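**Student:** Let me give you the structure first, and then I'll get to my questions.
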Amino acid sequence: MMVRVIVNGKEVHVPEGETILTALKKAGDAVPTLCFFGHMYREASCRMCLVELSNGKLVPACAYPVSDGLEVRTDTPRVREARRTVVEFILSIHRIRCWSCPRKGGNCELLKLATAYWVEGIPVCSSCPLYGRDCLVVKGEPCLGPITLAGCSDPCPSNGSPCIGCRGPVTRKDVLEAATQFYVSNGVELKDVLEVASMFWEGLPNYDALKASLEEAFKKALGGGED
Amino acid sequence: MRLARVEEVDRVFGHLELEVLRDDGEVKAFFKVTHGARFIELTVNGRPYWEVPYVASRICGACSIAHYVASIRAVERALGLDAGEWVEDFRDAVNMVQIAQNHLVHLAFLALPDYVGVQGLSDLKSRAGRLVVNSMKLNTACLKVIRLIAGRIVNPNTLGVGGLLRRPFKGPLLKAADYLRECEALAKEVVDEALTLLKVPELKDPANNCVAVKPRKIYLTTGDEILTSAGLSFKPSNYREHLEEMQPEYSNSKAVALSGAPVHVGARARYELLRNYLRDLNVPKIDLSNPFSNLIIKAVEIPYCVTAAREILEGLAMRTADTGVDPPREGGEGEGVGVVEAPRGLLIHHYVVSGKRIVNANIITPTEINARHIEASAKALTESLVSDGRPLNAGELQRKLTMLVRAYDPCLPCAVHVSVVRGRKHA
């Protein structure tokens, strides 16, 4: 039996027992999904596909079954705010090591979501197409990719010139520490990194704190290397 | 007595105020740049020389390539580097595409509404819809070409000190040439339509002094000599002997004079001085001593730039580059001046390099050079519209004055890259 679902004011008919996501696909209104893999996995654990019902409830579209006359809205301020929180939560437990991630170079779903919902934390490496030995840091250059915010679609490293940090720094401490280890293991020195960083970041209110945490991270990484 | 005051000149890049006063029977015009000061020259100081273009190009988002090329040339002159002919040609081609795009935006979106008699772009669309749509198409195509060959629309990243950071492959060069070939007919159409609408007011230039860069090859290529309308020619490194910089108290930007007299740069100056380097620029019959004729020369430069850039790119694709890709990092001692014809006229970058660092920097932008000339023209325009010490029509005077300022196409973010702080001049 087909049931009637109203998606953003548009009427679609889907078989009973299907989820809201099926109705959304039929209506052509895409919502972001991360954990959804068809019939293989439907635990609704990532909560990226939250939609708003007419009674004001936020439900995950990939698991909520349709019923006759169900009204769904996919792009309300509440939905956007909820999704933003979801991206923040996911990123907070994400081990950000973009320079060694196999999905780097334009395949990162998290980067797309973080850019769409204005969440900071992912470095430029996530969109950089230079892998392995082509990586400028691996070559020993003070490229700021690992500690600069992503979202510029990476024109500098893909043209062979190192990132100069014009989009501003990543301030998450764990990312800074991991990036520092990456720098140290490739022989990039703190003074070179700070020299490039001072070009666009010196005037930032949090530059001193950032510099202090980078210095601390370098000390830690170098100390760890000597043991 | 105040004759006219335009508190905020709209449809220009940045913030600007224009005031015309009458003092002891004499008309005085003030070109007040109210855009906040930016300390680009101070930022460059102390930085490694290969980072100069990164910072210098941030002076202006509209003509970043001109600043990029000028700063690179200055540093190369200081260190005695030679980028080779291939790279110089490549820079010229990118600069030309940028000039075409800049002229187009200024002409179709900023200046033309005045001559059609509408308030802005949205009104212009109802009167000259085809022109607006074609201009937008052409603008997009030019930006696409810049992204393809220079890496990015603003602040390109394939050009570098001493050569290229990434050599463009033959494929993208030919593809860019193809895009430009498709644009040629469009550019002609846009400009023909714009020229039928441009009926410029009469005005006699009170001080017809101008300077422009003598091109290396054809019109609008870079060079290492500056020509003046007095028949002089001097090396860029001697620019301080001829061009005097001063800081007016009322403005955030500096102003420049040529041997004490106001001087203008831009499309009109180029055409006046460099006509011999042209092959086929179809300029309608105009009075070159009219400051408003700048707009007409700008319009006819658009198709010229598109064609010339296309020819240069096609030529480059057939030749192999004669420099390495890695910029040299040895450093040295020296002082160098780089000049380039930016969309708005002569642009001068001057750096002193010691070791690997810049120790002194001075930048002169076209708008600074034009500042005093705009004042002189505004004075002449006001005098022609005033009788018995009162404007004949205050609204008309104000409208004509803003039209005059827009005909020069001032770029205020460029002009305010330095200022006086606590009575001390940072340059």
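The values are calculated or read from the model by the stated rules, or taken from the named source; none is laboratory data. This is a predicted model, so every value here is computed, not measured. A quick note on method: Cβ atoms are made from the backbone with ideal geometry, for glycine too, and the neighbour counts reach across all protein chains shown. Keep in mind that these areas ignore ligands, DNA and RNA; they rest on the heavy atoms of the full protein, side chains included. Shrake-Rupley method; radii C 1.70, N 1.55, O 1.52, S 1.80 Å.
**Student:** Go over the candidates A:111, A:130 one by one and state the one that is under 28 Å from residue B:156 (Cα atoms), open to solvent by 10 Å² or more (accessible area, probe 1.4 Å) and touching a Pro at 6+ places or on another chain (Cβ under 7 Å).
**Tutor:** So the residue among A:111, A:130 that is under 28 Å from residue B:156 (Cα atoms), open to solvent by 10 Å² or more (accessible area, probe 1.4 Å) and touching a Pro at 6+ places or on another chain (Cβ under 7 Å) is A:130.
**Student:** Test each condition in (1) charged (D, E, K, R); (2) surrounded by fewer than 23 Cβ atoms within 10 Å (Cβ to Cβ); (3) under 23 Å from residue B:105 (Cα atoms) for residue B:240 and report the one that comes out false.
**Tutor:** (3)
**Student:** Then there's this: Output yes when any residue across the stretch A:15-25 is surrounded by 12 or more Cβ atoms within 10 Å (Cβ to Cβ) and assigned to a loop (DSSP other than H, G, I, E, B), and no when none is. It would help to see each step written out before you state the result.
**Tutor:** In the first step, residues of the stretch A:15-25 are kept if they are surrounded by 12 or more Cβ atoms within 10 Å (Cβ to Cβ); the result is A:18-25.
Then keep just the ones that are assigned to a loop (DSSP other than H, G, I, E, B); that gives A:18.
Yes, because at least one residue in the stretch A:15-25 is surrounded by 12 or more Cβ atoms within 10 Å (Cβ to Cβ) and assigned to a loop (DSSP other than H, G, I, E, B).
**Student:** Next up: All but one of (1) within 13 Å of residue A:125 (Cα to Cα); (2) in contact with a Cys (Cβ under 6 Å, 6 or more places away or on another chain) hold for residue A:175; state the number of the condition that does not hold.
**Tutor:** Every condition holds for residue A:175 apart from (2).
**Student:** How many of the residues making up the stretch B:272-298 are under 17 Å from residue B:191 (Cα atoms) and open to solvent by 30 Å² or more (accessible area, probe 1.4 Å)?
**Tutor:** Counting residues in the stretch B:272-298 that are under 17 Å from residue B:191 (Cα atoms) and open to solvent by 30 Å² or more (accessible area, probe 1.4 Å) gives 6.
**Student:** Looking at the structure I just gave you, is residue B:156 within 14 Å of chain A (Cβ to nearest Cβ), closer than 30 Å to residue B:328 by Cα and in a helix (DSSP H, G or I)?
**Tutor:** Judged against the criteria, residue B:156 is not a match.
**Student:** Does residue B:212 satisfy the condition of being away from every other protein chain (no Cβ under 14 Å), open to solvent by less than 30 Å² (accessible area, probe 1.4 Å), among the aliphatic types (A, V, I, L, M) and assigned to a helix (DSSP H, G or I)?
**Tutor:** For residue B:212, the condition - away from every other protein chain (no Cβ under 14 Å), open to solvent by less than 30 Å² (accessible area, probe 1.4 Å), among the aliphatic types (A, V, I, L, M) and assigned to a helix (DSSP H, G or I) - is not met.
**Student:** OK, next. Within the stretch B:216-232, which residues are open to solvent by less than 10 Å² (accessible area, probe 1.4 Å), in a loop (DSSP other than H, G, I, E, B) and in contact with a helix residue (DSSP H, G or I) (Cβ under 8 Å, 6 or more places away or on another chain)?
**Tutor:** Within the stretch B:216-232, B:219, B:220, B:221, B:222 qualify.
**Student:** Tell me the residue from B:47, B:73 that is in contact with an Asp or Glu (Cβ under 9 Å, 6 or more places away or on another chain), surrounded by 24 or more Cβ atoms within 10 Å (Cβ to Cβ) and of a type in the set (Lys, Arg), please. First the steps, then the outcome.
**Tutor:** Values: B:47 fails: surrounded by 24 or more Cβ atoms within 10 Å (Cβ to Cβ).
After applying the criteria, what remains is B:73.
**Student:** Of the numbered conditions (1) under 19 Å from residue A:180 (Cα atoms); (2) modelled with pLDDT of 90 or more; (3) surrounded by 17 or more Cβ atoms within 10 Å (Cβ to Cβ), residue A:101 fails exactly one; give the number of that condition.
**Tutor:** (3)
Here's the yes/no breakdown for (1) buried (at least 19 other Cβ atoms within 10 Å of the Cβ); (2) touching a residue at least 40 places away in the same chain (Cβ under 8 Å):
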{"site": "A:1", "(1), (2)": "no, no"}
{"site": "A:7", "(1), (2)": "yes, yes"}
{"site": "A:52", "(1), (2)": "yes, no"}
{"site": "A:57", "(1), (2)": "no, no"}
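**Student:** To continue, here is another question. Of B:204, B:170, B:199, which residue is away from every other protein chain (no Cβ under 14 Å), farther than 26 Å from residue B:372 by Cα and over 21 Å from the mean Cα position of the chain (by Cα)?
**Tutor:** B:170
**Student:** Can you find a residue in the stretch B:116-127 that is more than 14 Å from chain A (Cβ to nearest Cβ), outside any strand (DSSP E or B) and under 20 Å from the mean Cα position of the chain (by Cα)?
**Tutor:** no
**Student:** Taking residue B:133 as the residue in question, decide whether it is among the β-branched types (Val, Ile, Thr) and over 28 Å from residue B:52 (Cα atoms).
**Tutor:** Judged against the criteria, residue B:133 is a match.
**Student:** If I ask for residues that are acidic (Asp, Glu) and within 14 Å of another protein chain (Cβ to nearest Cβ), which ones from the stretch B:49-86 would you list?
**Tutor:** Within the stretch B:49-86, just B:51 meets the criteria.
**Student:** Can I ask one more? Out of everything in the stretch A:143-202 that is at positive phi and more than 12 Å from every other protein chain (Cβ to nearest Cβ), what residue ends up being least open to solvent (accessible area, probe 1.4 Å)?
**Tutor:** My answer is A:168.
**Student:** Something else about it: Within 14 Å of chain A (Cβ to nearest Cβ) and touching a residue at least 12 places away in the same chain (Cβ under 8 Å): is that true of residue B:39 in this structure? Lay out the reasoning, then the answer.
**Tutor:** Details: within 14 Å of chain A (Cβ to nearest Cβ): yes; touching a residue at least 12 places away in the same chain (Cβ under 8 Å): yes.
Yes; evaluated as a whole, the condition is true for this residue.
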